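The values are calculated or read from the model by the stated rules, or taken from the named source; none is laboratory data. Quick caveat, the model's predicted, so the values are computed rather than measured. Backbone-built Cβ (ideal geometry, glycine too); neighbour counts: all protein chains shown.
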């Protein structure tokens, strides 16, 4: 009878220790997931970095285009004069035709 109680006690002790370990693992996981510097924040920061890298790449392309434009303007005054005449004053050269396109409102098309 003593051996049976001892076996039952050993089984109960084993299950209690196992349950305590499982609870500790779950609590540790919850704390580590939500804590500052945890997994959740790490994932969010990686996503933010990816978005910022794309923005940097796009801005770099725009920056290069603007630098080329500046060089053209500095090296050729005629280019600057022609650019202003075409874009700001809507002038054209002889024998040129200008075609203007209206911007369509896509929201009206999608409502139909």
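Here is how the numbers come out for the structure above:
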{"read-out": "In the stretch 9-39, the residues that are at pLDDT below 80, surrounded by 10 or more Cβ atoms within 10 Å (Cβ to Cβ) and either outside any helix (DSSP H, G or I) or more than 41 Å from the chain's Cα centre (by Cα) (or both)", "value": "9, 35, 38"}
{"read-out": "Residue in the stretch 79-87 that is modelled with pLDDT under 85 and loosely packed, with under 10 Cβ neighbours inside 10 Å present", "value": "yes"}
{"read-out": "Condition check for residue 51: assigned to a helix (DSSP H, G or I) and over 21 Å from the mean Cα position of the chain (by Cα)", "value": "no"}
{"read-out": "Cβ pairs under 8 Å, 6+ apart, first in the stretch 84-98 and within 20 Å of residue 69 (Cα to Cα), second exposed (fewer than 10 other Cβ atoms within 10 Å of the Cβ)", "value": "90/98"}
{"read-out": "Filtered residues of the stretch 40-78 (kept if within 25 Å of residue 98 (Cβ to Cβ) and at pLDDT below 90)", "value": "69, 72, 73, 76, 77, 78"}
